[in-house]
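The values are calculated or read from the model by the stated rules, or taken from the named source; none is laboratory data. Quick caveat, the model's predicted, so the values are computed rather than measured. Here the Cβ positions follow ideal geometry from the backbone for every residue, glycine too, while neighbour counts run over all protein chains shown.
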Amino acid sequence: MNYIEEINKIKPKANLKWTVLDLFAGCGGLSLGFEAVGFKTIGYEMDRMAAETYNKNLKGKCIEKRLNEQTTFDTKYPIIIGGPPCQPFSVGGHQKGKKDNRNGFPIFTRLIKEMQPQIWIFENVRGMLYSNKWYLEKIITELEKEGYIIEYQILKAVNYGIPQNRERLFVVGHRGEFQFPKLRLQKRTVEEAIGDLIETIKDEKKILTASMDKYVANYEKASSCINPRDLSLNKPARTLTCRNIAAPTGDMQRVKLKDGRRRRISVREAARLQSFPDWFKFYGTETNQYYQIGNAVPPLLAYQLATSIKTYIEKGQFKSPEFIKNQIKSRQKEYKQLTLL
């Protein structure tokens, strides 16, 4: 099956009895993967247009609301997922961590404590595992007290069939035998994703002018870039970010046309590189749509994570409190040994 066929098969089913609560849901990339497996979803998102995109594409309902530490819920959910705002922990967001008022982890951890889901998962930038690892460890220690075995991995999108060198941290809390999705050997390329769109999309507003070409050349020279950062057809794309797809910056995601001109990628091209199916429509201004895409979890990766969670729940091989306690002690001991190295 080729890449476009594969992503276009990602469609909501929502035929399972379990409902997933998606916090900081964005436009629904993570929820789409879960609905394609069969989970029901309900999302919370403060951005009006992202919530509209979610509601017009998915079966679940997205409530437009800014979450805070006072937010309460009447229903308990067996599965909690989400992407607490990553700006507090990203290089682009100045890495203010928990001091940043955009930090969504206090509400995320509080709801886990209150709802006691069977399993939960959150996604964030890889930088949280480095300069802000002390805060990640604080979250883990706090939630281990609730009886969760907690595991985390940096997942590279390219290893899961997505044509993009995107790396994100995924943290899972469970009470049994959860397995992260298996790696794929086949690497998808830019050509497989958008080769049919590059020459057919006509948008003169996105063609780089002579002055923009000069600006890009100066940027690449200053950043010691040996090869131009045009997308290479035979390779995966660089990480799509809100910044490099929404604006004509020096490191913008761009393609080279047969006539020698260069063009910023379109919304649909960006969506394809993030593994959104072609039927999925984005709402809001063009800039807002780019931001929705850049902030999303690739649906194809979400689908694989959701499949692993479905397997975990259906097997129901939950461990005793004593087993979990020993697992937590073992992890804490290993972590202390690593910090002494």
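Odds and ends about this structure:
- Subset of region 115-126 [surrounded by fewer than 19 Cβ atoms within 10 Å (Cβ to Cβ) and at pLDDT below 95]: Arg126
- So Cys62, is it at pLDDT 95 or above and closer than 19 Å to Tyr291 by Cα: yes
- Note on region 168-196: residues that are touching a Leu at 6+ places or on another chain (Cβ under 7 Å) and either surrounded by fewer than 16 Cβ atoms within 10 Å (Cβ to Cβ) or not in a strand (DSSP E or B) (or both) amount to 7.
- Test: residue in region 27-34 that is in contact (Cβ under 8 Å) with a residue 12 or more places away in the chain, assigned to a loop (DSSP other than H, G, I, E, B) and touching a Ser or Thr at 6+ places or on another chain (Cβ under 8 Å): yes
- Matching residues in region 197-216 - criterion: being in contact (Cβ under 8 Å) with a residue 24 or more places away in the chain, not in a loop (DSSP other than H, G, I, E, B) and not aromatic (Phe, Trp, Tyr): Lys206, Ile207, Met212, Asp213, Val216
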